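Contents: one structure, followed by commentary.
The values are calculated or read from the model by the stated rules, or taken from the named source; none is laboratory data. A quick note: this is a predicted structure, and the numbers were derived from the prediction, not measured. FYI the Cβ positions are ideal-geometry reconstructions off the backbone, even for glycines, and counts take in every protein chain you see.
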Amino acid sequence: MNLLRCHGLSKRYGNKLALDNVDLTLETGSPIALVGPNGAGKTTLLSLMLGFIKPSAGDIKVLGKQPGSAALLGKVAALPQDAALDPDFSLLTQLALYARLHGFNGKAAENEALRVLALVGLVDAARSLPKALSHGMGKRAAIAQALIGAPKLVLLDEPTAGLDPVNARNIRDLVSNLAADITFLISSHNLEELEKLCGKVLYLDHGKLSQAVDLTTQDSQTYLTLQMQSCDMAALQTQLQGLPGIEAIQPSGKHTLILKYQPVLGEQLDIQLLQLLHQQQLQYRMLIKGRTLEDQLFS
Amino acid sequence: MGLTSKKTHPGSWHNIRQLALFELQRLLLQRRGLLALLTFALLWLLFLAYPIKSAAELMTDPSMRDLAAAIDNKILAQLFSWPVAELAVYWAISLYLFPMFCIMLAAGQFAADKQRGTLRFLTLHCGREALFFGRFLGMMLIQLLLLILTVAATIALAMIREPSLSGVAITDAFWITLNLLIVLLPYTALMSVLSLVATSNRQATIYAVLFFTVSAILLPLLDYALPLLGFLNYLVPGMQTDGLLAISPKAALSSAPLPIIQSIAYLALGLQLIKRGDL
């Protein structure tokens, strides 16, 4: 199913071009990541998808419909950036209202509110006012409202920013568990997190879509990433050059090497590499088949 | 997913009702709303205890009635002809006071929520039209409640003085409430518009003060210099208010088309603003 289709999509704020002629087609399925530096246009793209703002040029369709149209109500949900709940009402009261707006009646609306609060571990805070919540709890409450009903697409803008590690992990687990029923589009700076969650990564820079990486067909056949404990990296690099099938070795950071190899010649390369490390009595921290998302995007 | 999640999203009318009732809940069940209600009640208690009670006593004094009859003034003659003097004073006061309350109350329809991003959350769960009309309807429900409470208190005051007036008091009270509600429609609709363009509730109130002040200064000048632009007077809510004092509340219904048309115009403008504007 067609999730998103943008053609010549641009958004201008005064003199600043936040999105510049973006052409993009996405299908529903595994979670999709949206990355890019600050001011790259990520939040603008999400806001356009939600119909919060209108494009300056081009057109955009979400699930085949105009963003913000009545046909998308109940199908598209989001954790918007810089949006706060009503300070006058408890989480339960507000989420129950949202559930009623989705067609849940009376007690069913309250139960739905409690269900989504339970998903983000906030049942105990159900009767708290938003101002009584920490930043992280507020963010989890905002994620909870996005899960009311049965959305097909959920856009999450920085879902784990500001969360403690345990709750960040809980949110990642929640996204993984729900990914079979919901397509998530996640904007984040946490590449490690996106690598764990997402099947596709879109890279926006200066308002342009500069890269699209498919993590399901990643370059695991041609790369190995080796992260070492402290050792003589130059000497190790020389020794690794002697392994069969190695084409190139690229340092990435202080103790990490990216090995490019020929798949046919280097079929046993990982085993040979581990044997080499064992012989040399060198300690490694991590061996990855393929490259990290960070290396794929920036190397 | 949802335990009893719906296949289709409910219609706009369902959501307008939900949002309107939520606004009523804000007044009746939240500390801030209850505080506003208490302030309003105390203020009206003062009005009832002093201006309304005293004026009603004066109006029922035969010598004062003779004096009023001697003065050739349509408004005075009409007010003195009311069977329930308390309601006559209430009518005269409410026609001017309620619009002021309305401006302060309805200024908060959208401005703060838009600035805070709360409208973004709401529009993820309901359409912008439902949000706009839901908030407007909620504001009208709140004002209807306040009208009913104050009219009932005025009737109670009249009953203490003269219990036999109950029948006519209730009939007049109905027409007063209905007419005041109609008078408040365009004020509320105008505040819906101003609340959408303002960045805070206070700014929306300032815009309203500017709107009425500038209208009061400019429109007579324009009317004098360019009579063709005289129709602009009809854009100002409450332009019929002075005339309402000179007629009975039942007859005042004949002035209803103007505020209703003004409301439709302001609501149409507000709807376009919320549909086309960024959130």
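Does A:Gly149 qualify as being of a type outside the set (A, V, I, L, M), within 13 Å of chain B (Cβ to nearest Cβ) and out of contact with any helix residue (DSSP H, G or I) (no Cβ under 7 Å at 6 or more places or on another chain)?
Working: of a type outside the set (A, V, I, L, M): yes; within 13 Å of chain B (Cβ to nearest Cβ): yes; out of contact with any helix residue (DSSP H, G or I) (no Cβ under 7 Å at 6 or more places or on another chain): yes.
Considered against the rule, which asks whether it is of a type outside the set (A, V, I, L, M), within 13 Å of chain B (Cβ to nearest Cβ) and out of contact with any helix residue (DSSP H, G or I) (no Cβ under 7 Å at 6 or more places or on another chain), A:Gly149 comes out as yes.
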Take the conditions part of a helix (DSSP H, G or I), more than 29 Å from B:Leu76 (Cα to Cα) and either away from every other protein chain (no Cβ under 14 Å) or touching a helix residue (DSSP H, G or I) at 6+ places or on another chain (Cβ under 9 Å) (or both) and apply them to B:Leu273. Does it pass? yes
Contact list, first residue from segment A:249-264 and without any contact (Cβ under 8 Å) to a residue 24 or more places away in the chain, second anywhere and assigned to a strand (DSSP E or B) and surrounded by 15 or more Cβ atoms within 10 Å (Cβ to Cβ), beta-carbon distance below 7 Å, six or more apart or interchain, is A:Ile249/A:Leu257; A:Ile249/A:Leu259; A:Pro251/A:Leu257
B:Thr171 passes all but one of the listed conditions (1) within 29 Å of B:Asn233 (Cβ to Cβ); (2) β-branched (Val, Ile, Thr); (3) surrounded by fewer than 22 Cβ atoms within 10 Å (Cβ to Cβ); the exception is number (1)
The lone condition B:Ser164 fails out of (1) among the hydroxyl-bearing types (Ser, Thr, Tyr); (2) within 14 Å of chain A (Cβ to nearest Cβ); (3) surrounded by fewer than 16 Cβ atoms within 10 Å (Cβ to Cβ) is (2)
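Please enumerate the residues belonging to segment B:125-161 that are polar (S, T, N, Q) and either within 14 Å of another protein chain (Cβ to nearest Cβ) or over 30 Å from A:Tyr98 (Cβ atoms) (or both). Reasoning before the result, please.
Taking segment B:125-161 as the starting set, the residues that turn out to be polar (S, T, N, Q) are B:143, B:150, B:154.
Of everything in segment B:125-161, those that are polar (S, T, N, Q) and either within 14 Å of another protein chain (Cβ to nearest Cβ) or over 30 Å from A:Tyr98 (Cβ atoms) (or both) turn out to be B:Thr150, B:Thr154.
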Taking segment B:242-263 and the residues there that are among the aliphatic types (A, V, I, L, M) and closer than 14 Å to B:Ile75 by Cβ, the one that is surrounded by the fewest Cβ atoms within 10 Å (Cβ to Cβ) would be B:Ala251
All-but-one check, A:Lys289 against (1) of a type in the set (D, E, K, R); (2) farther than 30 Å from A:Arg12 by Cα; (3) out of contact with any helix residue (DSSP H, G or I) (no Cβ under 9 Å at 6 or more places or on another chain), failing number (3)
Within segment A:245-299, residues being under 28 Å from the mean Cα position of the chain (by Cα) and not small (Gly, Ala, Ser) number 22
Cβ pairs under 6 Å, 6+ apart or interchain, first in segment B:31-58 and without any contact (Cβ under 8 Å) to a residue 24 or more places away in the chain, second surrounded by fewer than 17 Cβ atoms within 10 Å (Cβ to Cβ), ordered by first then second residue, are B:Leu58/B:Met64
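Rundown of residues vs (1) in contact with a helix residue (DSSP H, G or I) (Cβ under 6 Å, 6 or more places away or on another chain); (2) touching a residue at least 12 places away in the same chain (Cβ under 8 Å), yes/no style:
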site: A:Pro80; (1), (2): yes, yes
site: A:Leu95; (1), (2): yes, yes
site: A:Asn105; (1), (2): no, no
site: A:Val116; (1), (2): yes, yes
site: A:Ala132; (1), (2): no, no
site: A:Val166; (1), (2): no, no
site: A:Ile171; (1), (2): no, yes
Going through segment B:197-209 in order, the residues found to be in a helix (DSSP H, G or I) and buried (at least 18 other Cβ atoms within 10 Å of the Cβ) are B:Asn201, B:Ala204, B:Thr205, B:Tyr207, B:Ala208
If you go through B:Gly277, B:Gly238, B:Gly270, the only one that is modelled with pLDDT of 90 or more and on the phi > 0 side of the Ramachandran plot is B:Gly238
Of the residues in segment A:261-299, those that are assigned to a helix (DSSP H, G or I) and either touching a His at 6+ places or on another chain (Cβ under 7 Å) or at positive phi (or both) number 0
Exactly one of B:Leu228, B:Leu194 is aliphatic (A, V, I, L, M), outside any loop (DSSP other than H, G, I, E, B) and crowded, with 17+ Cβ neighbours inside 10 Å, and that one is B:Leu194
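Give me the residue from segment B:96-115 that is part of a helix (DSSP H, G or I) and within 13 Å of B:Leu196 (Cα to Cα) and, out of that set, nearest to the other protein chains (Cβ to nearest Cβ). First the steps, then the outcome.
Residues of segment B:96-115 part of a helix (DSSP H, G or I): B:96-106, B:111-115.
With the extra rule that they be within 13 Å of B:Leu196 (Cα to Cα), the set shrinks to B:106, B:111-115.
On the way: B:Ala106: 16, B:Ala111: 13, B:Ala112: 9, B:Asp113: 7, B:Lys114: 11, B:Gln115: 10 Å.
Here the residue is B:Asp113.
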In the set B:Arg135, B:Arg128, the lone residue that is among the basic types (Lys, Arg) and under 23 Å from B:Leu258 (Cα atoms) is B:Arg135
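Just to be sure, is B:Arg26 surrounded by 13 or more Cβ atoms within 10 Å (Cβ to Cβ), within 28 Å of B:Val209 (Cα to Cα) and basic (Lys, Arg)?
Working: surrounded by 13 or more Cβ atoms within 10 Å (Cβ to Cβ): yes; within 28 Å of B:Val209 (Cα to Cα): yes; basic (Lys, Arg): yes.
Here the answer is yes, as B:Arg26 does meet what is asked.
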